[in-house]
Every structure is written in structure tokens, then in C-alpha cells.
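Take a look at the structure set out below.
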Amino acid sequence: MTSPVHVLGIETSCDETSAAVIRDGRQILSNVVASQVDIHEAFGGVVPEVASRQHVLAIIPTIQRALALANVRWEDIDCVAPTYGPGLIGALLVGLNAAKGIAFARNLPLVGVNHLEGHIYANWLTGAHIDFPTVCLIVSGAHSDLVLMTDHNTYRILGRTLDDAAGEAFDKVARILGLGYPGGPAIQKLAQQGDPSKLRLPRAWLEGTYDFSFSGLKTAVLRVVEGLESYPGLTRADVAASFQESVVDVLVTKTKRAAEEFGVRQVLLAGGVAANALLRAEISQRIELPVIYPPISLCTDNAAMIAAAGYYRFVRGYRSELSLDARSNLSLD
């Protein structure tokens, strides 16, 4: 009987300071998240310099709490897996340097993890059996990527956003509608009171590709809201519902087409926008394959998903040098 592998994951790519301990890539022993949402809400979005300073304050207590909640000692940790990109460079450096210090001081292997890969591996923490090949839709504040995964840590980017990511579009449209930050939950809540059939907003299909574009949709919403009085009976809730439906329609349609073209066995959903209820419902209903997605707590940024991804790299022999640097524009491929 082999001993369990414990991975300490560290995530600081944006405005969440998180540390987690994962056993054998699938069991969460702890997952501590120190959120900065209340701080950045006043600015209507994340302020990079503020985020970095908050990470410095929170990183050590967060790591200590993750170890305590997991009821493990440093001697039980087999490797340290930090996010090293993509993300805000200052924020990334805080978590990465903390991980490098721990790895050096404790003589532990360092396994750098791509943040997007972490979002994908949140699905391995659901307990679901996952077969390859699979198509994964990653939708977050900065990314809208459609990925073919043929094995662990093996990816082919089928399509990505050409401008605004889905989550970014939600945040911008929320500001247009006078809603709070973050925009995703605010729009979903308002959309529940609206009727999407009252307004048909455009969809950028970008025919012949799996790429996404939501900038034009955002502009269309702005034009409608600026002239709302010329749309009798149309409410802001109707606009929110139509916007949400337009985004979901494009995401699901392209994911369904990719799943059919590449003959995958199931579809994975990942990223902060994966918490959207309409997206979950539509993708499960319209795709005639098993659709796997994480609980909402694992859709947003967290270290458990980073540790899970780190585990599969670690057991496959991947190691990072202590010279590993943060990369704000790190690509999954």
C-alpha cells in the first residue's frame, strides 16, 4: 500500500489569497480563501497594487490555517504547488515567492501550476470519473477558452476570446446597468426578474472557428441602455436576461460543436462563470454527454484546484526550478 501524497497548493493570481492541502489529487483536506471582494467593490474592479499588498498581509496566516485545518505537519507535505501565471504579476509574485521559500527551507519539490490548468482540475475534486479525451470550457473574468484534453496535462486550444472574456463582459455590463461588483452574480440575480424574449441581442458566432468575442455584445447593451426610453416596456432586468442568454448561447453552442467534432466522452466546465446557473442548466440540457462541473466554491479562484493540478504534474515527474518566475500572460499550450 503506497503512502498518500499531500500537496500544498498556493493561489494568488488575482484578488483571492488561498492555500489548500489536497490528498492524492482528489481529496480536499483544507481549502482556505481570504477574499478581497469587499475591498475592491468600492473601486468597481480589482486594483492590482491593492491586491498585491493584501496578499502580502494574508499569505502566511492563510498557509498556516490551511495546514492546521488539514491536520497535517510540514513533514507530511510532499510538494508545494503555487500558481505562477497567468494573472496580475504583483499578486502572482507574492504566492510564488512564498512557495519558493517554503520549498527551499523545507527541501520540498516545487511544482508550478498554470492557473487555467487549476480551473480544469477543480473537476477532479468532484469525485466524478473523468475519461479522456474531453473538451473543457474555461470561462472566467479574464479567459474564455475551449480546450481539448487528451491526457493529464496535455492540451490543445481549440478557441479563445479575441477581446472581452465572458466574465469581463459580465462585469462591464453590470456597470452599464448600475449593478455592483462582481458582475456575474449581480446580473444573474437581476436576470431572474427579466424576460430575455423582449430583446434580441447579437451573438458573435465567428463562423468556422471556436473563438469567442463579447465586446460587440457589450456595446450593444450600452446602446440599448442609453436609449432605454425608446424600448416601450423594456426593463433593465429584461436587458440583463437577454445579455445572459446571448453569452450562454454562444458558449454552449460552440462547446457542443467541439464535443461532437472531436468525439469526446464528456464535457468539463470550469472557471468563475461556470457558477452561472443558466450556463450549467443549458450546457447539461443541450449536450448529450455527461457534463461535469465543480461546486460553486471551486469555480472561483482557490488553492484546492491548484493543488489538484499540481498533484498530477508531481506524480508524472514534473519539477520546477527555484528560478521559476511569474508570467502574467502564461498560455495553457
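The values are calculated or read from the model by the stated rules, or taken from the named source; none is laboratory data. These numbers were taken from a predicted model, which means no experiment stands behind them. Cβ placement follows ideal geometry from the backbone for every residue including glycine, while neighbour counts extend to all protein chains displayed.
Hey, among L110, L146, L162, L179, which residue is farther than 30 Å from D38 by Cβ and surrounded by fewer than 22 Cβ atoms within 10 Å (Cβ to Cβ)?
Being farther than 30 Å from D38 by Cβ and surrounded by fewer than 22 Cβ atoms within 10 Å (Cβ to Cβ) holds for just one of L110, L146, L162, L179, which is L162.
In the stretch 167-185, how many residues are over 18 Å from the mean Cα position of the chain (by Cα), part of a helix (DSSP H, G or I) and within 22 Å of T300 (Cα to Cα)? Break it down stepwise before answering.
Of all residues in the stretch 167-185, those over 18 Å from the mean Cα position of the chain (by Cα) come to 173-180.
Cutting the leftovers down to part of a helix (DSSP H, G or I) gives us 173-176.
Among the residues that remain, those that are also within 22 Å of T300 (Cα to Cα) are: 173-175.
Qualifying residue count for the region: 3.
Please go through (1) in contact (Cβ under 8 Å) with a residue 60 or more places away in the chain; (2) surrounded by 16 or more Cβ atoms within 10 Å (Cβ to Cβ) for R280 and return the number of the only condition it doesn't satisfy.
For R280, the failing item is (1).
Which one of these does L234 not meet: (1) in contact with a strand residue (DSSP E or B) (Cβ under 8 Å, 6 or more places away or on another chain); (2) crowded, with 18+ Cβ neighbours inside 10 Å; (3) part of a loop (DSSP other than H, G, I, E, B)?
Among (1) in contact with a strand residue (DSSP E or B) (Cβ under 8 Å, 6 or more places away or on another chain); (2) crowded, with 18+ Cβ neighbours inside 10 Å; (3) part of a loop (DSSP other than H, G, I, E, B), the lone unmet condition for L234 is (1).
Name the residues in the stretch 254-274 that are out of contact with any Phe, Trp or Tyr (no Cβ under 8 Å at 6 or more places or on another chain), part of a helix (DSSP H, G or I) and modelled with pLDDT of 95 or more, would you?
T255, K256, A259, E260, E261, F262
Does at least one position in the stretch 61-79 carry a residue that is within 20 Å of S328 (Cβ to Cβ) and in contact (Cβ under 8 Å) with a residue 12 or more places away in the chain?
no
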